Amino acid sequence: MTAAAQFLPAARRSKRMNPARWGLYAFIFITALYFLLPLYVMVVTSLKPMAEIRQGNLLALPMSPSVDAWVKAWTSACTGLTCQGIRIGFFNSVRILVPSVAISILVGSLTGYALSLWRVRGANILFGAMMVVAFIPYQLFIYPLVRVFSFAGLGQSLLTIVIIHTIFGLPTMTLLFRNYFASLPVELFKAARVDGAGFYQIYARIMMPMATPMVVVAVILQTTGIWNDFILGLVFAGRDNLPMTVQLNNIVNSTQGERAYNVDMAATLLTALLPLAVYFGSGRWFVRGIAAGAVKG
Amino acid sequence: MQKSDVDIRSLQIGFGGLKVLENLNLHIAKSEFLVLLGPSGCGKSTLLNAIAGLIDVKGGEIHIGGRDVTGAEPKDRGIAMVFQSYALYPRMSVRRNMSFGLTVAGTPRDEIERRVGEAAQMLRLTGLLDRRPSELSGGQRQRVAIGRALVRHAGVYLFDEPLSNLDAQLRAELRVEIKRLHARLGATMIYVTHDQIEALTLADRIAVMQGGVIQQLDTPKKIYREPVNRFVASFVGSPAMNFIPGRITRDSGVEFIAGKSRLSLNGYAFCGQPADAPAVLGIRPEHIELTASDDPSSVSARVEMVEPMGADTLIWCRLADGTAFSFRHDADAHVRVGDTLTVRFPADALSLFDETSGQRL
C-alpha cells in the first residue's frame, strides 16, 4: 500500500514515454514472454493431434485444433491400471482440499488468537523460531509420521491426509493470524471482556469478522499449497483417495507405446487450473490481506 | 440506575518482580467523580484496570457496591469502561457496538432498543446508529464508546484517558459533555488522566499518584491551593508553580530568606512548628502581585520575557540574586523586556516545602 502511494505521484508526473519507461516496458514484456512461453507451448500442444506434434514445430499454432486430448485426459486417460481419466483425481483432490483448508484455517486462527493474547517477553523470538521450523522440508517428517499414524491406528485414509494437511498448515496459519491479532489494540479485547464476551465469543464475533483479509490470504495459501501437494497425498491418502497431482504423474509416467504429449499437456493444464484460477481471481484480495497485516491498527 | 461505592483495601499489584502498587487504600463514595491523576507509569491505569478486573491483583481486596469482587470477572462487577483508543468493534454498526454487551448478557430485545435509544439521544448519536466506526470522527467515536458504557447501566463508570486521542478543541467539548453526564446521571465515575486541567475541571476529588502511591487525595481546590509536597505542587497547575530555594529563619518573626531578599511569612499556615532550616518556597504565577516600590515586603525583578496568552500575560522575571520566576498579569499590562518591576509574594498564597523531603511545611 505504501509502495503504491509512493509510486503514484511519480507515475502521474511522467505520463509521456521517455527512454527509461520504454526500457521498463521492454523489460516487463520480455519477462512476461519468458514466463508465458511454456504455457503457450502447453496450450497449443494440447490442442494438436499427435500427427501434428510429430512434425516437431513446437511453437506453431495447431492447423486443425481439437479438444480430443482434453476429453481423453479428463475421461479416459490411464492412471496406472484404471483408465478413467484424471477426473477421479480431481474429485479426490476436492475431497481432500475442502476439509483440509477449512480445518487448518479454523485451528490456525484459533491458536493464533490464543497466542496473540500471550504477550510475554521473547514471544516474538519464539514465533520467529516457529516460522523457521515451518520451512523445514516435509520429507524429514514423513517416516516418523507414518509410524505415529500406524501406531494410532490411522492408516492411509481421507481423515489421515486431512489431519496431515492441518498439521503442516498449522505453523503458517497460526503465525499469520497471531501477527494480525497481535497488531490489534489490546483495549479491543478488554472492551469485549467488560461487555461480558468470553474467549470464544470474542474470537467468533469480534476477532474473526475483522480478520476477513487474513482469511482470504489463508485460503489462497492453503488451497494452492494443498492442491499442489504430491508427496503427502501419495503417502497418506491411500490408494482410493490419491489426489490429482499423483494421478497426473501416473498419466505422464505410465505410457504404452507412443507418448501422448497432447493428453499429457491437457492433463497438466487441468491440474493447474484451480491454483491458476485462485491467483487470477484473488490477486487483489491477496495484496490487500498482506497490506492489512503489515499496517498496524 | 443503581450507584455503587468502591472500596479498595491494601491493594497490591505486581508484574514479576516489579511492584506497581503496594498497600493502596482508596474509598470512592456513591455518585462521586474521582480523578486519578499522575504522570505516565505512576500506576493510575493499572489501578483502574484492577478495579475493572482486567488484571490480576496480588493482594488486597476490591469491593464494589458492598460486594467483594476481587476475583470476579469484569462483566460481573457492575462496571462499564471507556478506553483511550475507543476500542469500538470495527465490523459492527454503532447500534451493534452499543448493544453488544446487552446481547451477550441476553437482555430482552425491546429493553436493548430502549437503552440504546436513550444513550444515543443523550450523546447526540441518534442519526449515526447505522454507521460503522470507520465512518465517524474521533469525537463521535469516543461518544459511541461512552454510549456503549452507558447502556450497561453500571454502578461505576471507569474512564481510561478517554480524551487523550482527541485534539484540543474536541477535548474541551467532550470534557464538558462528560461533566454534564455526571451531573445528570449522578453515577460513580473513576477517571484516569495525565491532564491536570481535566482533573481540576471534572473531579469531586483528585488522587494525585506517583510511583504507585497516592500522594494526595483531596478536592481540586485544596490540591491546587495546598499541595502536600513538591511533586503535587509541580504536577498540578499550568503555567507551573514557581519554586525558589532559600531558608526559613526565626530571627525577627518568621521569615524566608532567598539570597538578599527577606520575605515575611506572617500569615502563612504552617503544618507544624516552623524551624530554622533550608526550605523551598512555592508560589503560583497568578498569586504574585505588582506593588509600590516602598512596600517593605516587596522585591524588585527584571523582566526577561513576556508571553501574551490572550486573556492574560505571563511575565518571566529574574531577581537580583539570579532566581527566575514567572507571574501572571492582565493582558493590557504595559510591560516590556528589560523593565524593572516591584512584586510582592502574599504569605497566605505561598507553599513552603522541606528542602530534602519535599513535604509541605
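The values are calculated or read from the model by the stated rules, or taken from the named source; none is laboratory data. Everything numeric here is computed off the predicted structure, so don't read it as measured data. Because the Cβ atoms are built from the backbone with ideal geometry, glycine has one as well, and the counts that use them run over all protein chains shown. Note: accessible area is taken over every heavy atom of the protein model, side chains too, but ligands, DNA and RNA are not part of it. Shrake-Rupley method; radii C 1.70, N 1.55, O 1.52, S 1.80 Å.
Of B:Val228, B:Leu163, B:Gln215, whose Cα points farthest to the positive end of the dipole of segment B:156-232 (charges on the beta-carbon: +1 Lys, Arg; -1 Asp, Glu; origin at the Cα centre)? Projecting each Cα onto the dipole axis, the largest value belongs to B:Val228.
Comparing A:Ser64, A:Ser46, A:Ser254 in a Gaussian network model of chain A where C-alpha atoms under 10 Å apart are linked, the largest mean-square fluctuation is found at A:Ser64.
Across segment A:202-211, coupling constants 3J(HN,Hα) worked out from phi with the 6.51/-1.76/1.60 Karplus curve, θ = phi - 60°, read 5, 4, 7, 9, 10, 6, 5, x, 6, 8 Hz, and Gly and Pro carry x.
With the alpha-carbon atoms of segment B:128-180 aligned to their principal axes, the span from lowest to highest coordinate is 29, 27, 18 Å, starting with the largest. Each Cα pair under 8 Å and six or more residues apart adds its sequence gap; the mean of these over the residue count of segment B:7-132 is a relative contact order of 20 percent.
Shape analysis of the protein assembly as shown based on the Cα gyration tensor places the equivalent ellipsoid semi-axes at 73, 31, 23 Å, largest first. Accessible area per residue (1.4 Å probe, heavy atoms of protein chains only) ranks B:Cys42, A:Cys83 as A:Cys83, B:Cys42, with the largest value leading. Placing unit charges on each Cβ (+1 for Lys and Arg, -1 for Asp and Glu) gives the protein assembly as shown a dipole about its Cα centre, and among B:Leu11, B:Tyr89, A:Ser100 the Cα reaching farthest toward its positive end belongs to A:Ser100.
Only helices enter the 222 nm calculation for chain B: every DSSP H run of n ≥ 4 contributes -39,500 (n - 2.57), and dividing by all residues gives -7000 deg cm²/dmol, rounded to 500.
In whole angstrom, chain A maps to an equivalent ellipsoid with semi-axes of 41, 31, 15, each derived as √(5λ) from the alpha carbon gyration tensor and ordered largest first. Per-residue mean of foreign Cβ neighbours for B:102-115 is 1 (Cβ atoms of other chains, 10 Å radius).
Contact order for chain B, expressed relative to its length and based on alpha carbon pairs under 8 Å spaced 6+ residues apart, stands at 16 percent.
For segment B:132-223, pairs of C-alpha atoms spaced more than 15 angstrom apart make up 62 percent of the total. Other protein chain C-beta atoms within 10 Å of residue C-beta, averaged over B:67-75: 2. Each helix, a run of at least 4 DSSP H residues, gives -39500 (n - 2.57); summed and divided by the residues of chain A, these come to -23500 deg cm²/dmol at 222 nm.
Annotation note: chymotrypsin sites (Phe, Trp or Tyr not before Pro) in segment A:206-270 located in DSSP loop regions with a Cβ neighbour count of at most 15 within 10 Å are A:Phe230.
Against chain A, whose longest principal axis is taken from its Cα atoms, helix A:87-116 shows a tilt of about 20°. Over all pairs of different C-alpha atoms, segment A:65-181 has a mean inverse distance whose reciprocal, the Kirkwood radius, equals 17.0 Å. Distance between the C-alpha centres of segment B:92-150 and segment A:63-114: 48 Å, rounded to the whole angstrom. Just how far, in whole angstrom, is segment B:201-217 from segment B:275-313 if you go by their alpha carbon centroids? Here the answer is 28 Å between Cα centres.
The C-alpha radius of gyration of segment A:16-66, expressed as a fraction of 2.2 N^0.38 Å, stands at 1.64.
Would you mind telling me which residue in B:Leu350, B:Leu21, B:Leu54 has the biggest mean-square fluctuation in a Gaussian network model of chain B, where springs connect alpha carbons within a distance under 10 angstrom? Comparing B:Leu350, B:Leu21, B:Leu54 in a Gaussian network model of chain B, the most mobile one is B:Leu54. Using the alpha-carbon positions of segment B:305-361, Rg (one decimal) and Dmax (whole number) come out as 14.1, 40 Å. Grouping the Cα pair distances of segment B:6-235 into 5 Å bins from zero gives a pair-distance distribution of 1, 7, 15, 18, 19, 17, 12, 7, 3, 1, 0 percent in increasing distance order. Can you give the FRET efficiency for B:Thr201 and B:His27, using 1/(1 + (r/R0)^6), R0 = 35 Å, r = Cβ-Cβ distance, to the nearest 0.05? The computed FRET efficiency comes out at 0.95.
For chain B, the membrane-span-like helices by this rule, meaning whole DSSP H stretches whose C-alpha atoms cover at least 15 Å of axis and whose Kyte-Doolittle mean is -0.5 or above, are B:94-105, B:138-150, B:168-185; this says nothing about an actual membrane.
Averaged over peptide A:201-214, the number of partner chain Cβ atoms lying within 10 Å of each residue's Cβ comes to 2.
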